[in-house]
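Any read-out appearing in this document is the output of simple, stated calculations on the displayed coordinates, not a laboratory observation. Note that the structure is predicted; figures quoted are calculated from it, not measured. Cβ placement follows ideal geometry from the backbone for every residue including glycine, while neighbour counts extend to all protein chains displayed.
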Amino acid sequence: MPWLSPALKVLAWLCRRPWEALSVVRTLRRAKRSAHQRGGRVRVLARAGGLGDVLWAAAAADLAAKHSPQDVLLFLTQPAMLEAVRLASPDIAVIAPHLPNPHMQSLLRRFCEVVEMEYEPHDTAGTHMVHTYLRQLGCPQEMQHPAWHFERVPLFRAAQPFACIYTGPSWPVREAPMAVWSAVIPRLKSELGLCVLHVLPHPSPAQTIPGCDELVIGAPLASLCNLFDQSALVLTIDSIMLHLAAGTRAPLVAIFGPTLASCRMFETPRQRALSAQVDCAGCHHRTPRLHWETGCPYDIACMQQISADAIMAAASQVLALPPR
């Protein structure tokens with residue numbers, strides 16, 4: 001009986017967290033009542049996964065709510081993703097129970113429509129992930145990069161402008177060599193006159209780069225957006241930091257290797273992508289895919305060939321443009 005295991009997990013969740021179950025029931029009842037008044041339907045948009053995936057899925061949900069105001073949209077994700085959802089769509093109702101998404105989806109399908117928002121990099125053909133989500137939701141795909149919702153609080157720092165860098169940790173195939181970063185940091189100071197803040201998701205001495213003026217460790221996503229918003233420059237690899245910085249319109253240089261910039265950001269004169277000119281670049285968007293988190297047969301040539309000169313040239317061009 002293939003249904004028995006999921007059913008038992010749902011039953012265990014109901015017994016362990018009855019207040020969560022009651023909250024879901026109330027949310028559904030309010031949604032159905034509101035949809036009936038509007039002449040629309042209740043749609044549950046489901047997306048679990050990493051922060052970047054959920055952030056963009058929530059942005060698509062926010063656009064879908066504006067495109068079909070008669071419908072009531074609920075966003076289903078895991079509890080740890082609530083902060084990312086609020087950045088992209090502060091008004092959408094969220095269901096985030098301590099129950100695996102597939103089992104919650106199965107439960108919700110008995111009462112309303114569930115749209116599972118999926119993104120497979122090798123099937124995208126260079127399409128930004130938010131466009132993939134919008135297509136699944138039946139929405140127009142022409143849009144600009146959404147702006148994240150966060151409180152802008154002045155930062156009391158020295159008068160000298162500052163740059164934020166994010167080097168990882170990430171998948172090994174997405175990280176640029178530490179030797180390159182070690183060469184870039186003194187040049188940011190001497191050539192561009194910037195203080196350098198090194199952003200880390202958690203304390204990690206192995207990832208700390210000598211020469212940085214300050215470490216920013218483990219800040220909430222909204223605080224990181226506020227920091228990037230007031231930065232003179234953000235340098236980052238493909239990561240959640242890229243997505244956060246891009247949504248603040250911060251001057252940005254993003255380094256790509258196995259992933260394509262067209263699938264991760266909307267380039268503008270002040271937000272530029274940098275990648276090495278190697279034949280296998282962007283391999284995560286091809287079929288068959290060479291590797292995933294690790295295991296590159298070419299020693300990650302796409303990232304190894306990123307040079308400090310290329311990073312500095314891109315940074316100088318971004319900073320040469322008029323202020324925002």
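I'd like the FRET efficiency for R109 and E83, computed as 1/(1 + (r/R0)^6) with the beta carbon distance as r and R0 of 22 Å, rounded to 0.05. So, using R0 = 22 Å, E works out to roughly 0.25.
Which of the peptides 165-174, 268-277 is most tightly packed, and how do the rest follow, going by the mean number of other Cβ atoms within 10 Å of each residue? Don't skip to the end; give the middle numbers.
On the way: 165-174: 20.1, 268-277: 16.5.
Peptide ranking by packing, descending: 165-174, 268-277.
With respect to the chain, whose longest principal axis is taken over its alpha-carbon atoms, helix 18-38 is tilted by about 80°.
Using a cutoff of 8 angstrom between alpha carbon atoms and counting only pairs six or more residues apart, the relative contact order for the range 37-154 works out to 31 percent. In terms of its Cα atoms, the chain spans 61, 46, 39 Å along the principal axes, sorted from long to short.
Of all DSSP beta bridges located in the chain, what percent are antiparallel, nearest 5?
On the way: 1 of 34 bridges.
In the chain, DSSP labels about 5 percent of beta bridges as antiparallel.
Each Cα pair under 8 Å and six or more residues apart adds its separation to the average, and for the range 209-314 the resulting relative contact order is 20 percent. Distances between placed amide hydrogens fall under 5 Å for E214 paired with V196, H198, all partners being 5 or more residues away or on another chain. Think of the chain as a dipole: +1 on every Lys or Arg Cβ, -1 on every Asp or Glu Cβ, centred on the Cα centre; then among A254, A60, A219, A60 lies furthest on the positive end. Relative contact order, whole percent, for the chain stands at 15, derived from Cα pairs under 8 Å and 6 or more residues apart.
Listed by chain and number, the lysines whose alpha-carbon sits under 22 Å from that of K32, ignoring those within fewer than 8 places in the same chain, are K66.
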